[in-house]
Amino acid sequence: MKVGSKHQSAEMRRQQILSAADLVLIDAGIEDFTIDQVAERANIAKGTIYKYFKSKDEILGEISTKAVSLLLQAFQQATANHTHSVEKLKAICWAAYRYYQSYSTYHDLLAHIERPDFNINLQEYVKISQSIQDFCEEIIVEGQRKGEINPNLNPQLLVRVIWATNIGVIQFVQTKQKLIQNIHETPMDEVINISVQMMTNGIAHNKKN
């Protein structure tokens with residue numbers, strides 16, 4: 001009984017730290033995120049945090065698992081009401097953009113932890129990321145089987161190209177948003193819409209050929 005209580009207490013303290021870290025990340029951003037801020041937000045000693053996490057990056061790695069889980073859920077929900085595979089892929093692209101709008105800090109975090117110099121063990125994060133890859137691949141394979149998507153395209157590579165293109169457009173929107181809106185008066189949604197149409201029109205199967 002005592003062992004169970006200690007285990008529960010340790011897990012509760014760990015979750016307390018992660019909850020505080022999540023709030024610090026949202027308030028301060030990745031670059032200004034510090035262990036000191038987490039300790040202050042959690043109202044515990046800095047040394048206590050190091051009993052549970054070896055570094056700032058290890059904490060960020062834990063939060064990234066939550067972030068990527070939310071992204072997978074967003075994709076699943078966005079595609080639930082569609083039957084045509086191309087429409088599902090469109091919904092995924094839009095869901096990624098809406099995710100950026102709703103969780104911009106998490107969006108930045110996912111890019112941050114995938115840098116080559118981020119060496120923390122991210123086993124659970126990788127597992128969920130693979131689930132996203134598999135989820136999208138299954139849509140493409142089904143679409144090819146139904147004659148909705150070009151059968152000559154490699155599903156695995158296609159997912160990666162769609163993902164890379166989508167990230168690139170979102171990053172463009174993120175960095176150029178003020179310039180585009182003030183000078184060109186172009187709604188951001190229209191930029192995304194053009195990108196989504198270009199990608200999906202290019203992979204749809206033309207049955208006339």
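Bear in mind these aren't lab numbers, they're just calculated from the coordinates by the rules spelled out. Just so it is clear, the model here is predicted, and its values are computed rather than measured. A quick note on method: Cβ atoms are made from the backbone with ideal geometry, for glycine too, and the neighbour counts reach across all protein chains shown.
Calculate I(q)/I(0) for the chain by the Debye formula, one identical point scatterer on each C-alpha and no solvent, and give its log10 at q = 0.11, 0.16, 0.17 Å⁻¹ to two decimals.
Taken in order of the listed q values, log10 I(q)/I(0) reads -0.64, -1.08, -1.16.
With a 10 Å Cβ neighbour count serving as the proxy for reagent exposure, in which order, fewest first, do Thr34, Thr105 appear?
Thr34, Thr105
Are there any trypsin sites (Lys or Arg not before Pro) in region 42-71 that are in a DSSP loop and have at most 14 other Cβ atoms within 10 Å? List them by number.
Taking region 42-71 and a limit of 14 other Cβ atoms within 10 Å, the loop trypsin sites (Lys or Arg not before Pro) found are Lys51, Lys54.
Any idea how far apart Ser102 and Arg145 come out in nm if each label point goes 7 Å out from Cα toward Cβ?
2.9
Whose amide H sits under 5 Å from the amide H of Ile149, counting only residues 5 or more places off or on another chain, with H placed in the peptide plane?
Sorted by chain and number, the residues that satisfy this are Gln144, His205.
For a quick check: sort His82, His107 by the number of other beta carbons within 10 angstrom, fewest at the front.
In order of increasing Cβ crowding within 10 Å: His82, His107.
222 nm [θ] for the chain, helices only, -39500 (n - 2.57) per DSSP H run of 4+, per residue, to 500?
After summing the helix terms and dividing by residue count, I get -25000 deg cm²/dmol.
With +1 on each Lys and Arg Cβ and -1 on each Asp and Glu Cβ, and nothing else charged, work out how big the dipole of region 56-203 is about its Cα centre, in Debye to the nearest 20.
Dipole size: approximately 200 debye.
Rounded to the nearest angstrom and ordered from largest down, what semi-axes does the equivalent ellipsoid of region 74-165 get from its C-alpha gyration tensor (root of 5λ)?
Each semi-axis is the square root of five times an eigenvalue, giving 25, 16, 11 Å.
For the chain, the longest stretch holding no chymotrypsin sites (Phe, Trp or Tyr not before Pro) located in a DSSP loop with at most 13 other Cβ atoms within 10 Å is which?
It runs 119-209.
In region 34-125, what GluC sites (Glu not before Pro) fall in a loop by DSSP, with at most 15 other Cβ atoms inside 10 Å?
Answer in residue order: Glu114.
For a 28 Å ceiling on Cα separation, which of these pairs sit above it: Lys56/Lys88; Lys56/Lys90; Lys56/Lys127?
Lys56/Lys88; Lys56/Lys90
Using the basic label-point model (7 angstrom from Cα toward the beta carbon), what is the Ile26 to Phe172 distance in nanometres?
3.1
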